[in-house]
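Working notes, beginning with the structure itself.
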Amino acid sequence: MTNVQTGILAPTPNVARYLTFSLRAGAEPKRALSALVELADGDSMVVGFGESLVRSGGGEVPGLRVFPTHFGKGLVIPSTAAALWCWLRGDDRGKLLHSGRKCINAVSSAFVLDSIIDGFLFDGGRDLSGFVDGTENPKGKKAADAAIVRGQGAGLDGSSFVAVQRWVHDFERLDAIPPREQDNAIGRRRSDDKELGSAPASAHVKRTAQESFAPEAFVLRRSMPWADGNSGGLNFVAFGKSLDAFEAQLKRMVGAEDGISDALFKFTRPVTGSYFWCPPMAQNRLDLRALGL
Ligand code: HEM
């Protein structure tokens, strides 16, 4: 697909840097976005826009909205809306530092940098809890069907929506849970990734089983572990042709349907939550028609 930011469908890279920005008060983002277009190839840099940015120039993307706050028993899933998200992807941390600096400078007339998160591949594709992450992701054509907008017209076709949450793991709590109970919390065995049919209803893969929703709720997860000092967790990233599948999964995780919350919450919690729309490409550049540019 030539009009898709190819980094969305590609496997997760070895290292990544996530930059999140807000709009400066009273800023006119047109010039900054033109500078961003010169840098963003959709592959080594995937770009997403928040609703505030899309609306700032009178644009509209049907289906884009602000991340809702969710609540469950003792749980708050925070919403931290942002205007611009850049996912820098590569093999070399030094190169990411420099491409990140270029990106920040290019957009600084209109955007304030809110956060930098460094992601990395751990143990061949595991979350820092040690469990393999991404096994049940749709592959090939099914991945594109789940993640890419089609049939909406030029300027929207080839785009994707993305939900991003930074989860912070409590490794002491995780270590205190007996290994078998940890396997049951995920619903898969850490040693060989085998699905555990006998896992309880709170098991993460039972909460989120994509075929079990009506309609089926497939997403393309491209999450990566992150670490900073002695803290770490998962930078959860899920692309979808809409935000509905992610939202249905998250509601089940907090127990909105049956009062059972996801066993993941025993050792991890999200501290951010944002939605973005990733524009399509046209002639190897970001296609910003939906923003009126
Ligand atoms: C710290 C947070 C999270 C961790 C550590 C985590 C980890 C995992 C692991 C280990 C699996 C099993 C292997 C796989 O199929 O990938 C899995 C599956 C899955 N997770 Fe998560 N996950 C997290 C958050 C979320 C969130 C927030 C959602 C969506 C709201 C989600 C959606 C899914 C889905 C859809 C599956 C596959 C279910 C299936 O169809 O079998 N995960 N996750």
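Between Ser52 and Val66, the contour length at 0.36 nm per residue exceeds the alpha carbon distance by 4.2 nm.
Of the three principal axes defined by the Cα atoms of region 60-127, the extents in descending order read 42, 39, 23 Å. Oblate is the label for region 95-171, because the ratio a/c of its alpha-carbon gyration tensor axes (a ≥ b ≥ c) is 1.5 or higher and a/b is not greater than b/c. Charges were assigned to the Cβ only: +1 to each Lys and Arg, -1 to each Asp and Glu. The resulting dipole of region 16-150 about its Cα centre is roughly 200 debye. Solvent-accessible surface of protein heavy atoms, probed at 1.4 angstrom with all chains present, puts Ile148, Ile116, Ile177 in the order Ile116, Ile177, Ile148, largest first. For the pair region 173-240 / region 275-293, the C-alpha centres are spaced 32 Å from each other.
So which of Lys206/Lys251; Lys73/Lys142; Lys95/Lys194; Lys73/Lys139; Lys241/Lys266 end up more than 25 Å apart, counting from Cα to Cα? Lys73/Lys142; Lys95/Lys194; Lys73/Lys139; Lys241/Lys266, as the Cα separations exceed 25 Å there. Here the extension length gained between Leu75 and Ser242 equals 57.6 nm, from 0.36 nm per residue of separation less the Cα-Cα distance. The relative contact order of the chain, computed from alpha carbon pairs under 8 Å that lie at least 6 residues apart in sequence, is 30 percent. Region 93-162 and region 40-61 have Cα centres separated by 13 Å.
Backbone phi angles across region 95-104, fed through the Karplus curve with coefficients 6.51, -1.76 and 1.60 (θ = phi - 60°), yield HN-Hα couplings of 5, 5, 4, 6, 5, x, 4, 4, 5, 4 Hz in residue order; Gly and Pro are listed as x. Spin-label model, Phe171/Ala25: points 7 Å from Cα along the beta carbon direction are separated by 4.1 nm. Amide H contacts of Ala82 (H built 1.01 Å from N, in plane; Pro and chain starts excluded): Tyr275 sit under 5 Å, all sequence-distant by 5 or more or on other chains.
Helix 30-39 axis versus longest C-alpha principal axis of the chain: approximately 70°, rounded to the nearest ten.
The long axis of helix 244-253 is offset from the longest Cα principal axis of the chain by roughly 30 degrees. Solvent-accessible surface of the chain, averaged per residue with a 1.4 angstrom probe and all protein chains in place: 46 square angstrom.
What trypsin sites (Lys or Arg not before Pro) in region 46-131 are in a loop by DSSP, with at most 10 other Cβ atoms within 10 Å of the Cβ? Passing sites in region 46-131 are Lys73. A cut-off of 5 Å between modelled amide H atoms, ignoring neighbours fewer than 5 places along the same chain, links Arg188 with Leu196.
The values are calculated or read from the model by the stated rules, or taken from the named source; none is laboratory data. The structure displayed is predicted, hence computed values, not measured ones. Positions of Cβ are backbone-derived with ideal geometry, glycine not excepted, and every protein chain shown enters the neighbour counts. Ligands, DNA and RNA are stripped out before the accessible areas are found, and what is left, the full protein with its side chains, is counted by its heavy atoms. Shrake-Rupley method; radii C 1.70, N 1.55, O 1.52, S 1.80 Å.
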